[in-house]
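Colleague: Provided herewith is a single structure, encoded as structure tokens, for subsequent inquiry.
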């Protein structure tokens, strides 16, 4: 292990202290920024066993799954803040503390909630919670009643840039919208980015768009192939209390729900339709909304709890008197799904991979920067954010209330669910290619002897499912760093098998637990790679931006960044 570190360090020294290459060679432009020997010395001290220790603690049963607004989540935040303090990092939260208070509302569906599909002729079908449907009231009221027509709106997408409109101007105020998750399938990279899922395919977009249209409810049709995860993930994620940012006047749904695919078949049959034909119709640009001869009758009863959770923020001030007012930020979410007292057996969602690993890496990178003999020119922010599992809420709040203005933040590097499987030979940096920083990423990956692997599951829409997305939405160039699927001593098939096994058997399940035989070599490798990327971003003179025409470029310009 030590030998390989020396080889990497020597390569970095040669690459990073060389004379600047001509500007026309974009792939070598990184070399105009020097990585000093003091940074190399700091990077070499990144220790996989330190990452292991953080993961072991954060995933321990005593933290009860680090639920948002739960005791375990608060303990995790205190632990992370304590580590930041031990490293000597400056508090970057509220009032000179490490904590940024995030006002939230907890919503727990009560047993007296009812959810019925009522055909124009025939008997109503009362659905069973969790087994057949999940539903939340986003209005943050203790009760709401809905008795409204169901309108099938295909994929529920309005995307002018792709000449796609499932709504066709129909007045949908007061309606309940039935739609498929995901987006129209295509191999054309210019049409919804082909196989790669865009934000239009995410359930969060669909809820937001329906609320903007004045709908009172949404019923999402779940199918494992389209959602990229099983019904168990939906059920586990949407059972018990669900958190939301306190409403600020934005429209909200009385019913935000999912139904099993088999239930969707029965709903289609009630309306004299066939689900596969509905899916085929939805894939056409000529699709028009269809009002079904079925209503949703629902009584939404909810326990409402107002509380505060915390993002944990720390800063290493930059060394340059001018550039220290700008920053590079590292993010990772510390929350998971908590504990479900009503469940028999193991009811603690420990979240070892998801995302104690990301927090362990974040803390080790923070320690490394803090102990480096020389500091980079820009400041370095470290943010352990809350409520990612509730819909990227902590990072959304951070993006709206950053300790450094968004236009002054050069880059966000995020860590989420980095599996401890050994020494990686690949890295995934999906979204990095959308930024002007990508040549640096490519060059450093080569230096670290890491092949850049394209997103192994582009249809899952991972770019829109982790906290870097919240910062991208306010214009900050952002992406996550993770391993690919090729590991030393194993072939690609082995790596894919490990990923598939995790998704099927541990993702968002109590079985995502710390294992003593885990190999954190790869997590340390990702920490070193991210440290080097962050150092370069914090040192180079040229600002980082989005590629021309990217969906986040307007937000960057609005924030005043990339000037």
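Since every read-out is calculated from the coordinates, none of them should be taken as a lab result. From a predicted model like this one, the values you see are computed outputs, not experimental measurements. All Cβ positions, even for glycine, are placed from backbone atoms using ideal geometry, and neighbour counts span all protein chains on display.
Colleague: May I ask you to compute the full-extension gain from residue 321 to residue 248, defined as 0.36 nm times their residue separation minus their alpha-carbon distance, rounded to one decimal in nm?
Modeller: Working it through step by step, the gained length comes to 22.5 nm.
Colleague: Further question on the same structure: Can you bin region 46-108 into rounded, prolate or oblate? Criterion: square roots of the alpha carbon gyration tensor eigenvalues sorted a ≥ b ≥ c, rounded for a/c under 1.5, prolate for a/b above b/c, oblate for the rest. Can you show the working numbers first?
Modeller: Details: a/c = 3.07, a/b = 1.13, b/c = 2.71.
Because a/c hits 1.5 or more and a/b fails to exceed b/c, region 46-108 counts as oblate.
Colleague: Expressed in nm to one decimal, what extension gain is obtained for the pair residue 170 and residue 266 from 0.36 nm per residue of sequence separation less their Cα-Cα distance? Can you show the working numbers first?
Modeller: On the way: separation 96, 0.36 × 96 = 34.56 nm, distance 2.53 nm.
Taking 0.36 nm per residue and subtracting the Cα distance, the gain is 32.0 nm.
Colleague: May I pose another question? Give me the percent of Cα-Cα pairs in region 107-304 that sit more than 22 Å apart, rounded to a whole number. Don't skip to the end; give the middle numbers.
Modeller: Values: 8728 of 19503 pairs.
Percent of Cα pairs beyond 22 Å in region 107-304: 45.
Colleague: Radius of gyration and Dmax for region 337-404's Cα atoms, expressed in Å?
Modeller: Computed over the Cα atoms of region 337-404, radius of gyration and Dmax are 16.3, 53 Å.
Colleague: Provide Rg over Rh for the chain; use the alpha carbon set for both Rg and the Kirkwood Rh (inverse mean inverse pair distance).
Modeller: 0.98
Colleague: Another question, then. Just subtract the alpha-carbon distance of residue 78 and residue 130 from 0.36 nm times their residue separation and send over the number in nm, one decimal.
Modeller: Taking residue 78 through residue 130 to full extension adds about 15.4 nm, to one decimal.
Colleague: Report the label-to-label distance for residue 451 and residue 147 in nanometres (one decimal), using points 7 Å from each Cα along the Cα→Cβ vector.
Modeller: Label-label distance for residue 451 and residue 147, simple model: 6.2 nm.
Colleague: Against the 2.2 N^0.38 Å scaling, with N counting residues, where does region 112-199 land? I'd like the Cα-based Rg ratio to two decimal places.
Modeller: Dividing the Cα Rg of region 112-199 by 2.2 N^0.38 Å gives 1.38.
Colleague: Do the sum for the chain: with -39,500 (n - 2.57) for every DSSP H run of n ≥ 4, divided by all residues, what is the mean residue ellipticity at 222 nm, to the nearest 500 deg cm²/dmol? Mind showing how you got there, number by number?
Modeller: Numbers: 16 runs with 168 residues, N = 563.
Value at 222 nm, helices only, nearest 500: -9000 deg cm²/dmol.
Colleague: Follow-up question, since we're still on this one. Under 8 Å for C-alpha pairs, at least 6 residues apart: give me the relative contact order for region 107-304, rounded to a whole percent. Before the final figure, lay out each step's value.
Modeller: Numbers: 404 pairs, mean separation 81.4, N = 198.
Worked out over region 107-304, it gives 41 percent.
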